[in-house]
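Asker: Let me begin by handing over the structure; questions about it come next.
What follows is calculated from the coordinates using simple rules that are stated; it is not laboratory data. Everything quoted here is computed from the prediction, not taken from an experiment. Glycine gets a Cβ as well: all are built from the backbone with ideal geometry, and neighbour counts include every protein chain shown.
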Amino acid sequence: MNDMSCGEARDLMPDLVNGRLGPEPTARLEAHVAGCAECGTELRLVRMIYASRPEVPEGLAASVGAAVLADHRSRRRVPAERAAAAGVGRRRVERGRPDRPWWGVAAAAIAAVALGIGIRSGPAREAPSVVPSYGYEVGEGGLWLTDDGLLAGAPSLEGLTDEALMRLLEELSVESGGAA
Amino acid sequence: MREVGPQDDGPSDAELVEKARRGDEHALDTLVRRHHAAAHRVAASIVRDADAAQDVVQDAFIKAFRALDGFRGDSSFGTWLLTITANEARGALRRVVRRRETSLDDVTGAASEGMAPDSASVLALEAQRARVMLGRLPDKQRLSVTLRIEEGLSFREIGKIIGSSEGAARVNYFHGIRRLRELLE
């Protein structure tokens, strides 16, 4: 036995058996164990535990590595597809379909139902294709007001051509007896 | 005591982790080859079922790499991985319906049969007995003993893995060793 205590010796035993102890402490530990039956018994136990380590199955690293890489590649692919769908990065545009988000269409449909109007798809027109079915009517020959036309149609004066506006004013003056 | 880390002269674990974060598949593979054995021993120590241990190792690596961005480097990659492995193994243990565990009677019975064993086989038999007894220790004692002896981890690292303080890991280790000596006498 030397100056090494039993406590220090017991602390170092695992490092000795798995080869992580330097030459100098190894020599001191072995000298201690040679003169200490108690520590000799414990070192024998530590060696037995180390010797009975479960064997690592052959091919485990390869199979785990393959699984890890497969998972890694799948995770890299999914964000790329999500980014494409969200309009980030490279995009794939399908022909013949409107390029608008699904939620935008849904919101428009809900708004249309709430307003009591329909949606028509097709080429854009200069004149509005959607008009209320009340308030006033647009006929082939001109603009006709209903009974409540002045109230309902007032906001619609905006956007009328000068010609249509003049016709409207003439009709109004006729209906009111021409007393302007 | 050396912390868990590379056993060769290649790039450090920290360097590999950085490369892996950038999507370097070779770095992922190197980390697997470097740490799969320790992970398997930890998993086997907890689940005590060879097939289940392999599944645990695979799941632990996948979880670790998925969470690599959250790895802050407070501990070594090896310690972090073994912590994930231990947690996975505890979860798997609940799912293992049938544990294949050799009983002490089977071991001693085998020893009494046949010809007188030579010194090498006596040593092997004693080692097998020690392994069986190790399986009878409480979880934290068993894990402290295996992590300290088989992996050479410090008590600080063992504490992180078993969810205890460094002092508690030390106590668990020495209680486990004392208990094993009693069982084997």
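Asker: Taking B:K19 as the anchor, which lysines have their alpha carbon closer than 22 Å to its alpha carbon, excluding any fewer than eight residues away along the same chain?
Answerer: B:K63
Asker: Would you tell me the mean number of C-beta atoms belonging to other protein chains that fall within 10 Å of each C-beta in B:37-46, as a whole number? Write out the running numbers ahead of the final one.
Answerer: On the way: counts 7, 1, 3, 8, 4, 0, 1, 5, 2, 0.
Going residue by residue through B:37-46 and averaging, the value is 3.
Asker: Hey, what did the stretch B:1-100 get for relative contact order, percent, Cα under 8 Å, at least 6 apart?
Answerer: Working: 92 pairs, mean separation 34.0, N = 100.
Computed value for the stretch B:1-100: 34 percent relative contact order.
Asker: Sequence neighbours fewer than 8 away in the same chain don't count; with that in mind, list the lysines whose C-alpha is under 17 Å from B:K160.
Answerer: Filter leaves B:K140.
Asker: Ranked from highest to lowest mean number of other Cβ atoms within 10 Å per residue, what is the order of the peptides B:28-35, B:121-128? Walk me through the intermediate numbers first.
Answerer: Details: B:28-35: 22.0, B:121-128: 15.9.
Those peptides, ordered most packed to least, come out B:28-35, B:121-128.
Asker: With θ set to phi - 60° and the Karplus curve 6.51 cos²θ - 1.76 cosθ + 1.60, what are the ³J(HN,Hα) couplings of the stretch B:40-46 in order, to the nearest whole Hz, using x for Gly and Pro?
Answerer: 5, 5, 5, 4, 5, 5, 8
Asker: Looking at the square roots a ≥ b ≥ c of the eigenvalues of the Cα gyration tensor of the stretch A:6-51, which shape do they give, rounded for a/c under 1.5, prolate if a/b is larger than b/c, or oblate?
Answerer: Numbers: a/c = 1.78, a/b = 1.00, b/c = 1.77.
It is oblate, given that a/c is not under 1.5 and a/b is not larger than b/c.
Asker: Please list, in order along the stretch A:26-31, the HN-Hα scalar couplings obtained from phi with the Karplus expression 6.51 cos²θ - 1.76 cosθ + 1.60 (θ = phi - 60°), rounded to whole Hz, x for Gly and Pro.
Answerer: Values, residue by residue: 4, 5, 5, 5, 5, 5 Hz.
Asker: For A:65-74, what's the mean count of beta carbons from other chains sitting within 10 Å of each residue's beta carbon? Kindly include the intermediate steps, with their values, before the conclusion.
Answerer: Values: counts 10, 3, 6, 12, 6, 1, 7, 10, 2, 0.
What the average comes to for A:65-74 is 6.
Asker: Which whole number gives the average, over all residues in A:34-45, of C-beta atoms from other chains lying within 10 Å of the residue C-beta? Don't skip to the end; give the middle numbers.
Answerer: Values: counts 0, 0, 0, 0, 1, 0, 0, 3, 5, 0, 5, 10.
Mean shielding count: 2.
Asker: Among B:169-176, B:141-148, what's the highest-first ranking by average C-beta atoms within 10 angstrom per residue? Mind showing how you got there, number by number?
Answerer: Values: B:169-176: 20.9, B:141-148: 26.1.
Going by the mean number of other Cβ atoms within 10 Å, highest first, we get B:141-148, B:169-176.
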